[in-house]
1. How large is the accessible surface per residue of the chain, computed with a 1.4 Å probe and reported in Å² as a whole number?
2. When only Cα pairs under 8 Å and 6 or more residues apart are kept, what is the percent relative contact order across the chain?
3. Does a label point 7 Å from the Cα of GLU128, set along Cα-to-beta-carbon, have any residues of the stretch 134-156 with amide nitrogen under 20 Å, and which are they?
4. Determine the share of the chain's accessible area contributed by carbon and sulfur atoms, expressed in whole percent, with a 1.4 angstrom probe.
5. Using helices alone, what [θ] at 222 nm do you get for the chain, with -39,500 (n - 2.57) per DSSP H run of 4 or more residues, divided over all residues and rounded to the nearest 500?
6. Grab the eigenvalues of the alpha-carbon gyration tensor for the stretch 309-408, scale each by 5, take roots, and send me the semi-axes largest first in whole angstrom.
7. Stretched out fully, how many nm does the piece from THR290 to ILE22 gain, at 0.36 nm a residue minus the Cα gap?
8. Using C-alpha positions alone, give me the convex hull volume of the stretch 86-220 per residue in cubic angstrom.
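The values are calculated or read from the model by the stated rules, or taken from the named source; none is laboratory data. Predicted model only: the values in this text are computed from it and were never measured. Every residue, glycine as well, gets a Cβ built from its backbone with ideal geometry; the counts of neighbours run over all protein chains shown. The area values use the complete protein model at the heavy-atom level, side chains included, leaving out ligands, DNA and RNA. Shrake-Rupley method; radii C 1.70, N 1.55, O 1.52, S 1.80 Å.
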Amino acid sequence: MKDIIKKHAKSIFWASMLLAQICVGFLFKDLADISQWFIQSPRESTMWVWYNRYLLAFVGLAAFFATLYFKFKRRDIINNKPLIFLSLLFCFNFYSGMINPHIMMRARMDNGVFLSVEQAAKYYAPDESVIVLEINGKARAHSDKQLLRPHVAGKGELGGEDVVMTYCGLTNLGMAYSPEINGQKLDLAPMNQLENNLVMYDKNSGEPIQQLWGQKEADRNSNTDARMREWPTYRMPFEKFAKAFPEGEVFVNDYLADDMKASFWQNPFLAIYDPIMELIFNHAIEDQATSVDPTFPTIKHIDPRLPTKETVYGLNVGNDYVAYTVDFVKSHNEPVNAMVGGKEVVVSYDYEFESLGIFYNTTGKTITEIDFYGQTPYGKLERVETVKAGAYWIIWANFFPETDINRI
């Protein structure tokens with residue numbers, strides 16, 4: 001047996017090296033964020049790699065170490081320079097697919113840093129758009145910049161409810177969820193993106209969860225409707241949030257704020273790594289915001305009814321989907337009254353707080369007056385929980401092609 005191995009050592013070396021590169025190549029192609037700029041994988045491929053990532057990593061590592069063994073035993077099997085190049089390629093692809101995403105997008109599922117309005121003014125510009133989550137009179141604000149890297153931010157209960165804010169910069173969308181499905185607690189973390197929308201995963205089960213669906217991949221494939229509970233969110237400038245909710249909380253990314261990020265002496269790797277990642281992420285998001293085409297060309301359905309990067313306020317009641325633009329709502333002197341999924345809703349732009357709100361109309365009356373808080377002459381209205389505040393049209397229409405626009 002030893003003689004056979006010795007005789008075919010070179011063939012075994014190259015077969016092992018090929019196997020190792022193929023395994024980590026799959027990990028890089030489907031799970032590394034940087035690869036998405038160049039290689040676009042179908043959903044089925046990405047999910048297959050995700051479910052089999054540990055097997056691919058194990059086989060890849062075993063095959064790679066086999067090549068090192070044969071190189072050690074037969075120094076003439078390959079020159080050092082090609083081996084160094086192939087080894088670096090292997091390490092780069094393995095790191096990019098299996099390790100880097102979990103460092104690059106360090107979720108703040110239940111340990112997010114939330115400051116008072118006064119403290120947060122150090123990090124927020126007055127006109128900076130914030131995504132607001134309000135429950136039972138308690139409110140939190142989150143800016144796109146602060147949410148961009150962690151993608152998931154929370155710290156337990158708000159207004160008596162366990163909630164977490166999820167964010168996708170490619171979609172320009174923050175969505176608030178109760179991290180629970182069918183009574184099972186979820187531990188959410190970023191995974192990657194598909195069709196320019198965040199895919200998270202539950203650390204407990206390993207199941208992927210598309211942000212816009214709030215549903216486990218396995219449940220969606222089995223036509224099970226179980227999903228996380230969604231909470232109402234809306235946008236407004238930071239200074240208006242401070243006025244509306246002076247006792248509110250404001251999220252600050254603890255590896256973005258200067259006096260919170262790791263110093264070089266505390267963690268040299270993160271002190272160098274995080275600024276580089278910020279530059280890469282900011283470039284991707286700026287490109288997404290300013291280019292007609294999506295940053296990652298994976299959009300299957302292009303709807304020409306609105307400009308691709310028009311921001312819309314999309315909502316649904318059941319299977320009835322509608323999207324509103326701010327300009328359309330502001331063009332009306334009175335609130336827009338409409339029917340969605342058999343329920344009356346009111347869409348209104350509040351000029352004092354510079355915020356568009358969508359509420360359930362349970363009064364049985366046509367609403368002609370409503371304030372930022374939902375107060376009307378007939379009582380207070382509740383916000384619609386499925387509103388996606390300020391999402392790019394091209395992505396909203398791709399996931400929900402049946403959507404109506406600016407319904408009255």
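1. I get 46 Å² per residue for the chain.
2. 14
3. Within reach of a label on GLU128: 134, 139-155.
4. For the chain, the apolar C and S fraction of the accessible surface comes to 56 percent.
5. It lands at -9500 deg cm²/dmol.
6. So the three semi-axes of the stretch 309-408 are 22, 15, 11 Å.
7. Full-extension gain reported as 92.9 nm.
8. So the per-residue hull volume is 137 Å³.
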